[in-house]
Amino acid sequence: MKLKLHYLDRSRAMRVTWLLEHIGLPYELISHKRQENMHAPEALKDIHPLGKAPLLEIDGKVITESVAMVEWIIANHAPQLAPATDSPEYAEYLQWLQFSESTAMIPLVLKFIAAREPTPPQNTLAYADSEIEKVYDYVNRQLANKRYIMGDKLTGADFALAFALIFMKMVYQGKFANIDRYLTDLSQLPSWQKAQQIEQQVLQGK
C-alpha cells in the first residue's frame, strides 16, 4: 500500500501528519504553499476538483476531509487509538471526532473570515466570539482532570480536536487553563514536534 499526503501550510493537514508520524506509518509528503490571498494553489485542482488540502492518496484513490483520514488510518493501521466499537466509550469518541470539525470549527471560521473584511461586521464578530466562548469553555471543562479528551489514553479524538484548539488560540483571546495545559502536554510528544517541524519546513518552502 502506498500513501501520499498532499500537505498545505496552515491547514488541517497537521492532523494527518501528526497521526502518521505517531504510528510510524510510511508516507510520501507532497507540500503545497498557500497563495498571498491565503487560497490554496490552483494546482491542487489537478488532484481533486475541490482544490483543497489535505488530500490523501491511498494507492491512487484520493480522499478528502482530514477527520475521515484520521478515522481511516486508525481503523486500518492503529486500532489501539480508538475504543472498541462495542465499548461504552465509543459513542463519546465518535462525538469528539465530529465535534472537532463541526461545533468547534464553525465559529472560528466565521470569525476568521469576518475579521478579514475591510470593514469587519461587528454583529458577526460578536456572535462568533460568544459562540467561541461557549464552545471552548465547554471543552475546557471537559478537560478538567484529564490528560487527553477521552481520559488517560491518547485517541483519534485528540488528533482531530487539537487542530481546532490551536486555531482557536490564534483568533480568540479567551483564557482556558485546561486547554493550555492540554496543548502543552501534547507538544511534548515527539510525533507532535515532528508534525510542527513539517509545518515550518512547508512554510519556509523547504
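The values are calculated or read from the model by the stated rules, or taken from the named source; none is laboratory data. Just so it is clear, the structure is predicted and the values come from calculations on it, not from any experiment. Positions of Cβ are backbone-derived with ideal geometry, glycine not excepted, and every protein chain shown enters the neighbour counts. Surface accessibility is based on the protein's heavy atoms, side chains included, excluding ligands, DNA and RNA. Shrake-Rupley method; radii C 1.70, N 1.55, O 1.52, S 1.80 Å.
Inside the stretch 184-206, can you point out the residues that are surrounded by fewer than 16 Cβ atoms within 10 Å (Cβ to Cβ) and modelled with pLDDT of 95 or more?
THR184, ASP185, SER187, GLN188, LEU189, PRO190, GLN193, LYS194, GLN196, GLN197, listed by residue number.
Could you tell me how many of the residues in the stretch 175-206 are among the basic types (Lys, Arg), out of contact with any Ser or Thr (no Cβ under 9 Å at 6 or more places or on another chain), assigned to a helix (DSSP H, G or I) and over 15 Å from ARG147 (Cα atoms)?
Qualifying residue count, the stretch 175-206: 0.
Kindly provide the set of residues from the stretch 145-164 that are open to solvent by less than 10 Å² (accessible area, probe 1.4 Å) and either of a type in the set (A, V, I, L, M) or more than 16 Å from LEU189 (Cα to Cα) (or both), ordered by number.
ILE149, ALA157, ALA160, LEU161, ALA162, ALA164
For the subset of the stretch 64-81 comprising residues that are open to solvent by 40 Å² or more (accessible area, probe 1.4 Å) and aliphatic (A, V, I, L, M), which member is farthest from the chain's Cα centre (by Cα)?
Across the stretch 64-81, the extreme among qualifying residues is ALA75.
Can you tell me how many residues in the stretch 47-63 are open to solvent by 30 Å² or more (accessible area, probe 1.4 Å) and farther than 16 Å from TYR27 by Cα?
5
Residues checked against (1) of a type in the set (Phe, Trp, Tyr); (2) touching a residue at least 60 places away in the same chain (Cβ under 8 Å); (3) under 25 Å from TRP18 (Cα atoms):
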residue: ASN123; (1), (2), (3): no, no, no
residue: LYS153; (1), (2), (3): no, no, yes
residue: LYS169; (1), (2), (3): no, no, yes
residue: SER191; (1), (2), (3): no, yes, yes
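In the stretch 156-179, which residues are among the β-branched types (Val, Ile, Thr) and out of contact with any Phe, Trp or Tyr (no Cβ under 6 Å at 6 or more places or on another chain)?
ILE166, ILE179
Within the stretch 33-46, take every residue that is of a type in the set (A, V, I, L, M) and within 21 Å of the chain's Cα centre (by Cα) and give me the one that is least open to solvent (accessible area, probe 1.4 Å).
Residue satisfying both the conditions and the ranking: LEU44.
Taking ASP86 and the conditions (1) at pLDDT 95 or above; (2) assigned to a loop (DSSP other than H, G, I, E, B); (3) open to solvent by less than 70 Å² (accessible area, probe 1.4 Å), which numbered condition does it fall short on, given that it satisfies the others?
(3)
From TYR138, TYR182, TYR148, which residue is within 19 Å of TRP96 (Cβ to Cβ) and without any contact (Cβ under 8 Å) to a residue 12 or more places away in the chain?
TYR138
Only residues that are surrounded by fewer than 19 Cβ atoms within 10 Å (Cβ to Cβ) and part of a helix (DSSP H, G or I): list them for the stretch 94-103, please.
Matches in the stretch 94-103: LEU94, GLN95, GLN98.
Among the residues of the stretch 110-143, count how many are open to solvent by 50 Å² or more (accessible area, probe 1.4 Å) and within 17 Å of the chain's Cα centre (by Cα).
Residues that pass the stated criteria total 2.
I'm trying to understand the selection: among the residues of the stretch 152-186, which are among the polar types (S, T, N, Q) and more than 13 Å from ARG15 (Cα to Cα)?
Matches in the stretch 152-186: GLN173, ASN178, THR184.
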